[in-house]
Amino acid sequence: METVLAFIIIFGALVFFHELGHFLFAKRAGILVREFAIGMGPKILAITRGETLYTIRLLPIGGYVRMAGEEMDAIHLQAGHRIGLLLDEQGQAKKIILNQKHVYPDILFLEVEQADLEKDLFIKGYDEDEQLMNIKVARNAVVEENGRETILAPYDRTFDAKNLPNRFMTIFAGPFFNFILAFFIFTAIGMMQGVPTFEPVISEVTEDSPAEQAGMQDGDLVTEIEGQSISTWDELVESVQGSAGTALDFQVERGGEPLSFTITPELSDQTAEEVGVIGVLYQSPVEKDFFGSFAYGAEQTVFWFKEIFRLLGMLVTGQFTIDALSGPVGIYKTTEEVAQYGIFTLMSWAGMLSINLGIMNLLPLPALDGGRLMFFVVEALRGKPVDKQKEGMVHFVGIMLLMLLMIVVTWNDIQRFFF
């Protein structure tokens with residue numbers, strides 16, 4: 001149950017922040033957002049606030065922000081349609097009823113002659129007395145069809161009506177917010193757990209090792225090796241690994257007292273490479289540092305960003321196979337294992353997943369955010385947008401291929417973890 005809760009919280013946070021990026025920048029651009037959804041499939045919970053429907057859906061495989069104009073949701077009234085109108089005090093249509101299921105007083109029936117619900121916002125038609133009427137439509141009018149209400153979206157409030165920079169940032173903001181979430185997670189770890197100082201302090205001296213034989217003890221702080229100042233653990237490791245079989249002079253501090261040791265690193269039998277070891281273990285000391293926590297959050301975000309890109313490059317060059325990929329099942333099982341090592345390890349795992357989600361969505365593949373951004377780049381280069389039907393077909397093919405990939409990866413996960 002703890003694993004289930006951890007998975008739901010982590011997944012929910014990743015999807016929420018991703019979609020929050022799209023949502024905030026869409027709102028900033030003046031785009032009408034019809035729905036903010038966490039999950040896919042049937043609705044579990046739905047709340048309407050203002051002009052947006054906020055939903056939690058059954059299947060935890062993603063989420064979406066549905067913006068006006070993205071899914072051909074424009075409403076067209078054809079000549080001959082019989083509709084009902086409710087007018088406001090200014091005589092503008094505030095509600096358009098396409099199929100009357102409710103009884104409204106003072107409803108005006110029209111047989112449509114001509115209408116524009118996108119730009120000019122008017123409906124021209126004949127009333128029951130055969131008089132031709134021209135009714136202005138309010139910008140915030142509601143269209144009711146079969147009992148379902150939809151807020152009218154004037155063209156200037158649709159996604160396609162916005163300029164290229166606004167559309168680009170609305171899509172880019174999703175992955176970008178995943179990077180921001182990772183930064184906040186790593187910063188929170190630094191504040192709660194402390195920031196690693198990376199000082200070259202010996203956490204443990206292993207038995208019968210060159211370090212123990214020379215007299216080194218747990219807690220010793222290495223300050224110099226062969227006269228070279230040592231300030232980080234990485235510098236200590238670099239000095240030792242390249243000196244197998246060579247006696248080294250160590251200067252250390254123990255309880256504030258300076259001590260000297262001569263230690264000869266021996267060849268490691270744990271790696272294929274010939275590296276020297278002296279038999280000490282390391283666990284970085286930590287310190288509480290409010291401002292340092294932000295630097296630590298940034299460092300960890302950059303580190304994992306580079307690491308995931310490195311692994312992605314290995315996949316592209318064939319050093320990894322598709323069997324190395326994991327889907328929701330693999331992520332769930334890994335979350336189960338990571339949770340055993342405590343809350344801070346689990347938080348680090350969530351930060352890494354957030355960066356991974358951001359990078360994957362930025363890949364220039366159809367149906368992903370990166371694929372849409374690629375079309376925006378093409379639009380900027382050619383000076384006009386790509387034909388919507390052609391772009392839609394590319395994204396449709398991309399969705400089909402991604403679904404196929406998800407099925408293959410999920411099947412590999414099931415076989416790996418359960419069989």
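The values are calculated or read from the model by the stated rules, or taken from the named source; none is laboratory data. Computed from a prediction, not measured in an experiment: that's the story for all the values here. When we count neighbours, we look across all protein chains shown, and the Cβ atoms used for this are built from the backbone with ideal geometry, even at glycine. Just the protein is used for accessible areas: all its heavy atoms, side chains included, with ligands, DNA and RNA removed. Shrake-Rupley method; radii C 1.70, N 1.55, O 1.52, S 1.80 Å.
Quick notes on this one:
- Of the strands (runs of 3 or more DSSP E) lying entirely inside region 117-181, those carrying at least 1 residues that are of a type in the set (D, E) and modelled with pLDDT under 90 are 132-145, 148-151.
- Among the residues of region 25-41, just one is of a type in the set (F, W, Y) and part of a strand (DSSP E or B), namely F36.
- Subset of region 194-206 [at pLDDT 90 or above and either basic (K, R) or open to solvent by 50 Å² or more (accessible area, probe 1.4 Å) (or both)]: E204
- Residue in region 207-216 that is in a strand (DSSP E or B) and surrounded by 14 or more Cβ atoms within 10 Å (Cβ to Cβ) present: no
- The residue list E144, E128 contains one member that is closer than 24 Å to G80 by Cβ and surrounded by 14 or more Cβ atoms within 10 Å (Cβ to Cβ), which is E144.
- Residue within region 111-122 that is more than 41 Å from the chain's Cα centre (by Cα), within 25 Å of Y155 (Cβ to Cβ), open to solvent by less than 40 Å² (accessible area, probe 1.4 Å) and not aromatic (F, W, Y) present: yes
- Note on region 276-327: residues that are crowded, with 17+ Cβ neighbours inside 10 Å, modelled with pLDDT of 80 or more and either of a type in the set (S, T, Y) or not in a helix (DSSP H, G or I) (or both) amount to 8.
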